[in-house]
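All remarks here apply to the structure that follows.
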Amino acid sequence: MNGARHLLSVDALSDAEVERITRPGFSPRVGRASRRGTLACLFQQPSLRTMSSFAFAGARLGLTPVPITTTGDALRDQCDLHDEVRQLSLVSTCVAVRSASPLDPSRLVRLAAPVVNAGDGSNEHPTQALVDVAAMRGVGLEGRTVLLMGNLRDHRVHHSLAKLLARQDVRLVLVSPPGLELPARFLPERARQVEASDAETV
């Protein structure tokens, strides 16, 4: 048994899947297996917008949302995060996780249910980045210049967004203060990275 397919990073999606998911007007098909089930939302970090978005998306797919919120300290006192995800996968159709630290893919293999990353520490936030690209495509993205600015080192949405925008026909410019540049593992080859003091030259 190879286990369920997870969405822990935008790297898990092919170019064709990204194009389809972010296409204006995209609406997922509801398969027979998804008409009844549960969506466990395990959130270490509070986010009303993200929690409600997953709840409505799950309900639209026929899944009953089960919100599970706790602080990092409380979760650490009771059990390991990855062990909790594994347990939830046994009783859920899908598990959405928002964690204070990066998820370890090696500890999520062979789970009974797919895991969706709703933001893991300062690593990635693939679902938010997909929504952002879909919004950009809705107003016209091809051939545009896209500027990502701020603390690119720690902002997980920017990490996923930079990867996704590298697959689009855009000019990607990254602007950040010294020391807060986008980490190399998220940096697309075609992106131009400049310091905030040089932003006027962009």
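The values are calculated or read from the model by the stated rules, or taken from the named source; none is laboratory data. Since the model is a prediction, treat every value here as computed from it, not as a measurement. Quick reminder, even Gly has a Cβ in these numbers, built from the backbone with ideal geometry, and neighbours come from all protein chains shown.
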Condition met for Glu142 (loosely packed, with under 13 Cβ neighbours inside 10 Å, farther than 25 Å from Leu61 by Cβ and in contact (Cβ under 8 Å) with a residue 24 or more places away in the chain): yes
Of all residues making up the stretch 16-28, the number that are exposed (fewer than 11 other Cβ atoms within 10 Å of the Cβ) and either modelled with pLDDT of 95 or more or closer than 15 Å to Phe56 by Cα (or both): 2
Hey, Asp11 modelled with pLDDT under 90 and either assigned by TED's automatic domain parsing to the domain that holds Phe186 or not polar (S, T, N, Q) (or both) or not: no
From the options Val97, Val109, Val85, Val66, residue that is within 16 Å of Val157 (Cα to Cα), in contact (Cβ under 8 Å) with a residue 24 or more places away in the chain and among the aliphatic types (A, V, I, L, M): Val97
Residues being modelled with pLDDT of 90 or more and not hydrophobic (A, V, I, L, M, F, W, C) - total across the stretch 63-94: 11
